[in-house]
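Engineer: Sharing a structure, written as structure tokens. Questions coming.
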Amino acid sequence: MLEQFRDVMIIISAFLVIASALLFSVLTIVIFRKVSSTVDAARGFFSALRTVSSFVSGRVVKPLTTGAIFTAGIRKAIVTLSKRSQGKEEKNGRGK
């Protein structure tokens, strides 16, 4: 009697393991399909973002940086020249 009960439980357990494996496989495939479409959408978004950032970098940031560097150079030259002219005036006795 117990041997028959044991054999039935083994058969039921085997069916449950097979059903669980099939269910796991189906869920894995479904999740993979949903995630892959989301990953493809994210890949497209980041590609567009890369295009926009490269455009902004080339057309806006680079000219602004060049202008700022040029302006800083001119300002530094004016400060240096004004300090030199003040130093010459003090040496000649025309200073304060």
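Throughout, read-outs are computed from the coordinates displayed, never taken from laboratory work. The structure displayed is predicted, hence computed values, not measured ones. All Cβ positions, even for glycine, are placed from backbone atoms using ideal geometry, and neighbour counts span all protein chains on display.
Engineer: Taking 0.36 nm per residue of separation and subtracting the Cα-Cα distance, what length does fully extending residue 51 through residue 36 add?
Structural biologist: Full extension from residue 51 to residue 36 adds 3.1 nm.
Engineer: For the chain, set up a GNM with springs between Cα atoms under 10 Å and report which of 49, 23, 64 has the largest fluctuation.
Structural biologist: 23
Engineer: Treat every Asp and Glu Cβ in the chain as -1 and every Lys and Arg Cβ as +1, leave all other atoms uncharged, and give the resulting dipole magnitude about the Cα centre to the nearest 20 debye.
Structural biologist: 1620 debye
Engineer: What's the FRET efficiency of residue 85 with residue 59 using the Cβ-Cβ distance as r and R₀ = 25 Å, to the nearest 0.05? Provide the component values of the computation, followed by the final result.
Structural biologist: Working: r = 40 Å, r/R0 = 1.61.
The value I calculate is 0.05.
Engineer: Follow-up. Rounded, prolate or oblate, given the Cα gyration tensor of region 3-80, with a/c below 1.5 counting as rounded?
Structural biologist: Judged from the Cα gyration tensor, region 3-80 comes out prolate (a/c at least 1.5, a/b above b/c).
Engineer: For the chain, build the charge dipole from Cβ charges (+1 Lys, Arg; -1 Asp, Glu) around the Cα centre, then report which of 11, 78, 68 sits farthest towards its positive end.
Structural biologist: 78
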